[in-house]
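Q: To start, I am sharing the structure in question, which I have written as structure tokens.
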Amino acid sequence: MITELGHVALILALAVAIVQTIVPLIGAHKGWTGWMAVAAPAANLQFAFVAISFAALTWAFVTSDFSLHLVWANSHSDKPMLYKISGVWGNHEGSMLLWVLTVALFGAMAVWFGKGLPPRLKARVLAVQASIGVAFLGFIIFTSNPFLRLAQPPFDGRDLNPLLQDPGLAFHPPFLYLGYVGLSMAFSFAVAALIEGRVDAAWARWVRPWTLAAWIFLTIGIALGSWWAYYELGWGGFWFWDPVENASFMPWLFAAALLHSAIVVEKRESLKSWTILLAILAFGFSLIGTFIVRSGIITSVHSFASDPTRGVYILGILAFFTGGALILYAFRASAMEARGVFSMVSRESALVVNNILLAVSSFVVFIGTIWPLVAEAFMDRKLSVGPPFFEAAFTPFMVVLAIVLPVGAMLPWKRARLGRAMRPLLPALVLAVLVALLVWTMQTSRTILGPVGFLLGTWLVAGALTDLMGRTGRGAIGARLGRLARLPRADWGKATAHAGVGITFMGIAGLMAWDSEDIRVAQIGETFETAGYEITLNDVVREQGPNYLTTVGIMDVRRDGRLIATLRPEKRVYPVQAMPTTEAAINGGFWRDIYLVIGDPQEGGGWAVRTFIKPFANWIWAGSIIMALGGLLSLTDRRFRVAAGAAKARRPVPGGVPAE
């Protein structure tokens, strides 16, 4: 009965979304207040119906209702409760339901937090958001129905993919969806602005918090996925440039560019057309990611094994929304008149450089991701584009971005003198150079990667602190520190996020420059040395988990004879799917990770053992957390908590659209 309720709620959500798409648009065009007012209750009702549908599917997984085909295919009665719940979105149909739930949630939030929006703009935003819901609700109901019943329910299920039975993967998809699906709101604001023919500082203040929220969630989601790949797959890496990893990274880059571009619109009423284009591209690349994951055109540990016809449907959605928005942009972009004028040396110019670097780097990732498909389709050649290409092509853009970021943050608006702006940054530059020289002298291998990474990372962190202190004015240090605490949260957020980028730079550079790896066959009781650490394989035991069998290596780690940790790497086998997984054992530290993996028994006796020493590994995820924290601080700034433009009196203009 609950399952049928979920199915009916999904159909009702589609009907409400259709009404929400059509009626407010007509009302906004005709100036009919009553028709425009339909948008708000319809958005709430659509979200309620989708939430009921999602709750019904979750209940089926929690209660192991194997009469439902989706539950039978992706769950098992012995599975821990956390993975029964995460099994809801650990498959194509359930994850698409989470997709539309996120779209509906953001639409409803626009109602809850958009009290200050002009009625026409609000109606159009909610209508565009609903149209996205119509497309994907139709996709679910007609091609990917999660509520299909089995005629003869089996006794038990086939279990969830063992790789997904992990806490990191349980929380990774919801955060990722809140991120790149959340960019639909920026897209809706952009299309609504194109329809209305108006972009101003108030519009930028409205669109920035939605973009910022999506960027925060996307940052957390990407970090969780990277962390999971690091400890779960047993390969010791944090990023493989897999097509599906890239599918979430490209919208993140565009969202970062959009955030910075919207600042120029808000402060100077410039870059209006460019900001609209970034909003379209950010969500467009989210749709491209959805297509990559679900079309079956790639093979990846992240992708869903789906019917290619579903990929054609998603490709149609991509073409309709992204293509339609770009056509509308071509017709209306000229109406987005820029008012602010600025010189080549100014904060506006620095933000333009920032935007270009982020956008071009995203296109570089895109080309590397799709080039094998293009080569196979049009050149009849099978090519592989791996990490060496991405690292060589992508890294230079990030190096330039890191150099420009602190300088751009210090430049004044409209017109600046580079020498004057650089003067406060000289101590930060000197510190960065000294850190790089220190790293160069301390490293055992003479690689340039580590010193350069730490130079750029220190430059970013010290530059962010310099910018923050520069906002406290002059005077005694005590008075300046007092003023520091009273700075707007947006200033703190910007400095924190930029510092997080610097810490991530240092973590990536340190790990890639100085990591060490040892692969060997170890006998029980044998001790071997890796990078100054003594590793002893004490024993190998077999244990029973909730729904798996595991082989556990018990290994002591010592340094100079002192016991540091006893680690238990595992090799698990899930009987239902007969699939093995690797569970690395990691002793984490501020400066390094000790990373152990137990492999298979060898014919001549002993066990395959992999040992990694990963310097600064935790700095990568610490930097990501700090970036997200910076975004959260900015999001809680009073300007984002108060309705945009509420402090300014609005005067009516012909057509009923409020103006500043």
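The values are calculated or read from the model by the stated rules, or taken from the named source; none is laboratory data. Computed from a predicted structure; not experimentally measured. Reconstructed Cβ throughout: ideal geometry from the backbone, glycine too, with neighbour counts over all protein chains shown.
Q: Look through PHE378, PHE389 and report the one residue that is assigned by TED's automatic domain parsing to the domain that holds LEU281, of a type in the set (Phe, Trp, Tyr) and surrounded by 14 or more Cβ atoms within 10 Å (Cβ to Cβ).
A: Criteria check complete, one pass: PHE389.
Q: Still on this structure: Taking region 29-47 only, how many residues are aromatic (Phe, Trp, Tyr) and surrounded by fewer than 16 Cβ atoms within 10 Å (Cβ to Cβ)? Walk me through how you get there before you give the answer.
A: Initial filter on region 29-47 (aromatic (Phe, Trp, Tyr)): 32, 35, 47.
Of the ones still in play, those that are also surrounded by fewer than 16 Cβ atoms within 10 Å (Cβ to Cβ) are 32.
Residues flagged as aromatic (Phe, Trp, Tyr) and surrounded by fewer than 16 Cβ atoms within 10 Å (Cβ to Cβ) within region 29-47 amount to 1.
Q: Collect the residues in region 621-630 that are touching a Gly at 6+ places or on another chain (Cβ under 7 Å) and either among the aromatic types (Phe, Trp, Tyr) or at pLDDT below 95 (or both), keeping them in residue-number order.
A: none
Q: Right, here's the next one. Exactly one condition in (1) out of contact with any Pro (no Cβ under 9 Å at 6 or more places or on another chain); (2) surrounded by 20 or more Cβ atoms within 10 Å (Cβ to Cβ); (3) more than 30 Å from ALA531 (Cα to Cα); (4) not acidic (Asp, Glu) is false for ARG347; which is it?
A: With respect to (1) out of contact with any Pro (no Cβ under 9 Å at 6 or more places or on another chain); (2) surrounded by 20 or more Cβ atoms within 10 Å (Cβ to Cβ); (3) more than 30 Å from ALA531 (Cα to Cα); (4) not acidic (Asp, Glu), ARG347 is out only on (1).
Q: Might you let me know whether region 470-492 holds any residue that is polar (S, T, N, Q) and out of contact with any helix residue (DSSP H, G or I) (no Cβ under 9 Å at 6 or more places or on another chain)?
A: The answer is no, given that none of the residues of region 470-492 is polar (S, T, N, Q) and out of contact with any helix residue (DSSP H, G or I) (no Cβ under 9 Å at 6 or more places or on another chain).
Q: When you scan region 372-421, how many residues do you find that are out of contact with any Phe, Trp or Tyr (no Cβ under 7 Å at 6 or more places or on another chain), assigned to a helix (DSSP H, G or I), closer than 27 Å to PHE505 by Cβ and among the hydrophobic types (A, V, I, L, M, F, W, C)?
A: Qualifying residue count, region 372-421: 17.
Q: Kindly establish whether VAL576 is outside the structural domain of HIS76 (by TED's automatic domain parsing), in a strand (DSSP E or B) and not aromatic (Phe, Trp, Tyr). Give the steps one after another, and end with the answer.
A: Numbers: outside the structural domain of HIS76 (by TED's automatic domain parsing): yes; in a strand (DSSP E or B): no; not aromatic (Phe, Trp, Tyr): yes.
In short, no.
Q: What single numbered condition from (1) part of a loop (DSSP other than H, G, I, E, B); (2) over 30 Å from GLY157 (Cβ atoms); (3) in contact (Cβ under 8 Å) with a residue 40 or more places away in the chain fails to hold for PHE590?
A: Evaluating PHE590 over (1) part of a loop (DSSP other than H, G, I, E, B); (2) over 30 Å from GLY157 (Cβ atoms); (3) in contact (Cβ under 8 Å) with a residue 40 or more places away in the chain leaves (3) as the failure.
Q: Shifting gears a bit: Return only the number of the condition from (1) free of Cβ contacts under 8 Å to residues at least 40 places away in the same chain; (2) not in a helix (DSSP H, G or I) that VAL341 does not satisfy.
A: Unmet condition: (1).
Q: So for region 155-168 (the condition being aliphatic (A, V, I, L, M) and over 25 Å from LEU5 (Cβ atoms)), does at least one residue qualify? Talk me through it step by step, then tell me what you get.
A: Of region 155-168, the ones aliphatic (A, V, I, L, M) are 160, 163-164.
Now narrow it down to the ones that are over 25 Å from LEU5 (Cβ atoms): 163-164.
Yes, the conditions are met somewhere in region 155-168.
Q: Counting only residues that are in a loop (DSSP other than H, G, I, E, B) and closer than 12 Å to THR369 by Cβ, which one in region 282-300 is modelled with the highest pLDDT? I'd like the intermediate steps shown before the answer.
A: Just the residues of region 282-300 that are in a loop (DSSP other than H, G, I, E, B), to begin with: 295-300.
Of the ones still in play, those that are also closer than 12 Å to THR369 by Cβ are 297-298, 300.
Working: ILE297: 66, ILE298: 62, SER300: 54.
Among those that are in a loop (DSSP other than H, G, I, E, B) and closer than 12 Å to THR369 by Cβ, it is ILE297.
Q: Do any helices (runs of 4 or more DSSP H) lying entirely in region 81-151 carry at least 3 residues that are modelled with pLDDT of 95 or more, and which ones are they?
A: 92-113, 119-143
Q: Pick from region 168-211 the residues that are among the hydroxyl-bearing types (Ser, Thr, Tyr) and under 28 Å from SER86 (Cβ atoms): which of them is nearest to the chain's Cα centre (by Cα)?
A: TYR180
Q: Let me ask another. Looking only at region 471-487, which residues are loosely packed, with under 10 Cβ neighbours inside 10 Å and on the phi > 0 side of the Ramachandran plot?
A: Hit for region 471-487 is GLY473, nothing else.
Q: Out of curiosity, is GLY545 over 30 Å from LEU629 (Cβ atoms) and buried (at least 19 other Cβ atoms within 10 Å of the Cβ)?
A: Working: over 30 Å from LEU629 (Cβ atoms): yes; buried (at least 19 other Cβ atoms within 10 Å of the Cβ): no.
So GLY545 fails the test.
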